[in-house]
Amino acid sequence: IIGEGKAGVVVAFHENEFQKYAIDLLVRRNKLEQWSCLYTLWMRESNWNPRSRNKKSGAYGIAQFMPETWALVGHKKTSDGFKQIEAGLDYLDRKWGGNICKALGNNLARGWY
């Protein structure tokens, strides 16, 4: 997928349908240049698996939301990976001002975002 980013042309490759959907949403939100950060963040969190579950913390889904995070962003907990991506991007907008790379930096430093 090729789109116009702030610094010029951005190329984003995807490995599955969930990643392609996330890229499409980033294009619509004018944030395609942050794709590599989102890819890495959710690869670390869940390997892009919508059924991923952390038995210790209760985190669930692609974005590894804690149970209370779903309501915080106005979404219901779901096993639908596409809806998880929408909720995850809404969370990143709300918590990190849409700066996905900043959220990734926190994840790398502290293990959470």
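The values are calculated or read from the model by the stated rules, or taken from the named source; none is laboratory data. All figures in this text were calculated on a predicted structure; none of them were measured in a lab. Cβ coordinates were reconstructed from backbone atoms using ideal geometry, including for glycine residues, and neighbour counts include every protein chain displayed. Note: accessible area is taken over every heavy atom of the protein model, side chains too, but ligands, DNA and RNA are not part of it. Shrake-Rupley method; radii C 1.70, N 1.55, O 1.52, S 1.80 Å.
How large is the accessible surface per residue of region 56-110, computed with a 1.4 Å probe and reported in Å² as a whole number?
With the other protein chains kept in place, region 56-110 gives 51 Å² per residue.
What is the gain in length, in nm to one decimal, between Met66 and Glu15 on full extension, counting 0.36 nm per residue of separation less the C-alpha to C-alpha distance?
Values: separation 51, 0.36 × 51 = 18.36 nm, distance 2.57 nm.
That works out to 15.8 nm of additional length.
Per DSSP H run of at least 4 residues, take -39500 (n - 2.57); add these up for the chain, divide by its residues and hand me the 222 nm value, nearest 500 deg cm²/dmol.
Computed ellipticity for the chain at 222 nm equals -15500 deg cm²/dmol.
To the nearest 20 debye, what charge dipole does region 13-71 have about its Cα centre, counting +1 at the Cβ of each Lys and Arg and -1 at the Cβ of each Asp and Glu?
Details: 9 positive and 6 negative charges, 38 e Å.
Computed about the Cα centre, the dipole is about 180 debye.
What percent does the relative contact order of the chain come to when contacts are Cα pairs within less than 8 Å and at least six residues apart?
Working: 137 pairs, mean separation 21.8, N = 113.
Reported relative contact order: 19 percent.
Using θ = phi - 60° and the Karplus curve 6.51 cos²θ - 1.76 cosθ + 1.60, what whole-Hz ³J(HN,Hα) does each residue of region 22-35 get, with Gly and Pro shown as x?
My calculation for region 22-35 gives 4, 4, 4, 5, 5, 4, 4, 8, 6, 10, 4, 5, 9, 3 Hz in order.
In whole Hz and in residue order, list the ³J(HN,Hα) couplings for region 64-79 that follow from phi through the Karplus curve 6.51 cos²θ - 1.76 cosθ + 1.60, θ = phi - 60°; x for Gly and Pro.
Once θ is set to phi - 60°, the couplings for region 64-79 become 6, 6, 6, x, 6, 5, 4, 5, 4, 9, x, 10, 8, 4, 8, 8 Hz.
Based on Cβ point charges of +1 for Lys and Arg and -1 for Asp and Glu, what charge dipole magnitude is obtained for the chain about its Cα centre, in debye rounded to the nearest 20?
420 debye
How large is the convex hull of the Cα atoms of the chain per residue, expressed in Å³ as a whole number?
92 Å³
Computing the accessible area with a 1.4 Å probe over protein heavy atoms, can you report the carbon and sulfur percentage for the chain? Spell out each step's value before the answer.
On the way: 3280 of 6410 Å².
Carbon and sulfur atoms account for 51 percent of the accessible area of the chain.
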